[in-house]
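Here is the structure we will look at.
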Amino acid sequence: MLDFFEKTFFFGIGLASLTKEKIEKMVGEMVEKGKLSQAEGKKLVKELAARGKQEKDALSKIAQEEIKKRLDSTPLATKDEVKKLEAEIKKLKAKLAKKT
């Protein structure tokens, strides 16, 4: 029975967007209605919260990889490169000031 509710739950709701409090509330309602036992409810909350964290971590990793890929393909200067250019400009300005 617990497996059926898990599958239904995952199908109907994006787990990554749920907080532990929301999961506890939804499972608590199922327990109150007699659709789950207290023990099944606790087990389901624990499993769904763990899966939710895994989903959030996976989505975060995918987002970070995509951002890195986009940034790597965009010709932007790094902070170090900008600092080096600023230093070079400062040197050139000093040389130019000496000549004039």
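Observations, loosely collected:
- Answer residue from region 58-100, given it is of a type in the set (Gly, Ala, Ser) and closer than 30 Å to residue 23 by Cα and is nearest to the chain's Cα centre (by Cα) among those: 60
- Any hit, region 3-25, residues being of a type outside the set (Asp, Glu), surrounded by 10 or more Cβ atoms within 10 Å (Cβ to Cβ), modelled with pLDDT of 80 or more and not in a helix (DSSP H, G or I): no
- Pairs where the first residue, in region 41-57, is farther than 12 Å from residue 23 by Cα and the second is part of a helix (DSSP H, G or I) and at pLDDT below 80, C-beta under 6 Å, 6+ apart: 55/15; 55/16; 56/16
One line per residue, one yes/no per condition, for (1) surrounded by 10 or more Cβ atoms within 10 Å (Cβ to Cβ); (2) touching a strand residue (DSSP E or B) at 6+ places or on another chain (Cβ under 8 Å); (3) assigned to a helix (DSSP H, G or I); (4) at pLDDT 80 or above:
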| residue | (1), (2), (3), (4) |
| --- | --- |
| 28 | yes, no, yes, yes |
| 34 | no, no, no, yes |
| 77 | yes, no, no, yes |
| 81 | yes, no, yes, yes |
| 98 | no, no, yes, yes |
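The values are calculated or read from the model by the stated rules, or taken from the named source; none is laboratory data. All of these numbers come straight from a predicted model, not from anything done at the bench. Here the Cβ is made from the backbone with ideal geometry for all residues, glycine too, and neighbour counts use every protein chain on show.
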